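The values are calculated or read from the model by the stated rules, or taken from the named source; none is laboratory data. On a predicted model such as this, the values are computed, not experimentally measured, just so you know. Note that each Cβ is placed from the backbone with ideal geometry, even for glycine, and that neighbours are counted across all protein chains shown.
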Amino acid sequence: MIEPRRLREHGASNGERMLLNSARADRPPAGAAQRMVIAMEGLTAGSGGPGAGAPMAAHTNKMGTLAKVGLVALAGLGAVAAVVLAGALVQRMAGTRSATAEMPAVHTPVNQEGATEIAAEPPRVRAIPVPAVAPKPTSPLRGSANVPRHRELVALDASLSAEIRVLDTARAAVDAHNPTAAQRALDSYAQRFPQGHLKPEAAVLRLAVLVRLGNRQAAKSLAAQLLANESYKAYEARIRSLLRETGE
Amino acid sequence: MMAMGEASSTACEIVTRPPIHRLHALVTDHHAFVWRSLRRLGVSDGDVDDASQQVFLVAHRRLAEIAPDSERSFLFQTSLRVAADWRRATRRRYEQSGMDLFDVPDAAANPEELMDQRRSRELLDQALDGMPMDLRAVFVLFEIEEMTMMEIATVSDIPPGTVASRLRRARKHFQEAARRLTTGQRAVRDARGAR
């Protein structure tokens, strides 16, 4: 993908450059990582199980025993049985507990959708509030196969740059209260990029144009379609805001 | 920032490593990145250590679900949520005390002041504070952390097109805010000085 130049290198005023440069000194104090490691040991010690006076040692001993069991199974029971036991060993090490005693024949908890949470609650942490919602690590569950090859990246970039230029024209026209020009730009986008990567953005801009043109019925109809489509969930607030402008 | 030993381990080795060791490796390899990210996403100097701890505690709970080549992505997305929660909670605390956290009575800045690193850093925080979090994330990763667009797309789990679009809008936000902070106040001060 062809990278845009950084503001600091191109296009920034002196003031902007100084503001951006000020962040280059951002770094944790010396030794902070080591202190964090020690703090994490203390905070996570409770999740090693009851009576874990030396959490790291007890945890390591338990893992060592389980590893030995795994090796015996590998030697004595054959490849299939070894895979089953290895899966159980990995699951045990991860600390997950399934609701039932059953386990799949081949188990890779890292890539398994909907893996159960570690049952132990983390110890209380002082000061700032705990996040209300645990994060949804969708990206970590993807494999490297999703990374496009270079040829595809170059083609993607060329398309994206062109698409962004057209949509920027449309957006500027909307901001300038020139819905006719915006509509022309969006029609051009639809024609040039029937499978465009920024179709959702274009659709929301189209809605804005309809609202500016005063075409309430068409705007309401388009808004309803977009809101019913899961792909537009990220744009919901914007769509509803535009809908309100029609008086809905 | 991954250590060489970490990079050369197979995925299986990393996954089957005892959790506490893997957590240590996560902290050692990514602590600085998490710290910087939280700071640039708006967590104050005084709270960033606690916020970092929050991030790694969440990682500890979710260790089994984190693929070895996606640790940085997981940590960044967690940092985003921790920073957003921190800002909401901090704003509530200030509002309850009758103050507005982000209402700074005098954001004056002349060229001489901008040369002062600390002052510039405060002003950068102000310039970024008005930006929606999704734009701010892309902006700090590209302009300050200097990641590539594809890296940002991976770390943030958004399409490259969305990265480009958000960066463009974020730049506009930033430049308007920077202009306001550095020019407007100077004009007011000059006018005061002229009286």
Report whether or not residue A:217 is surrounded by fewer than 18 Cβ atoms within 10 Å (Cβ to Cβ), of a type outside the set (Asp, Glu) and not in a helix (DSSP H, G or I).
-> no
Give the residues of the range B:28-56 that are surrounded by fewer than 22 Cβ atoms within 10 Å (Cβ to Cβ), within 15 Å of the chain's Cα centre (by Cα), of a type in the set (D, E, K, R) and part of a helix (DSSP H, G or I), sorted by residue number.
-> B:36, B:49, B:50
Being more than 7 Å from chain B (Cβ to nearest Cβ) and surrounded by 17 or more Cβ atoms within 10 Å (Cβ to Cβ) is the filter here, so list the residues in the range A:18-47 that pass it.
-> A:21, A:45, A:47
Selection from the range B:43-72 of residues within 25 Å of residue B:125 (Cβ to Cβ) and not hydrophobic (A, V, I, L, M, F, W, C) yields B:44, B:45, B:46, B:47, B:49, B:50, B:52, B:53, B:54, B:72
Which members of the range B:159-180 meet the condition of being more than 8 Å from chain A (Cβ to nearest Cβ), more than 17 Å from the chain's Cα centre (by Cα) and among the hydrophobic types (A, V, I, L, M, F, W, C)?
-> B:177
Within the group B:107, B:59, which residue is more than 9 Å from chain A (Cβ to nearest Cβ), over 14 Å from the mean Cα position of the chain (by Cα), surrounded by 14 or more Cβ atoms within 10 Å (Cβ to Cβ) and modelled with pLDDT of 90 or more?
-> B:59
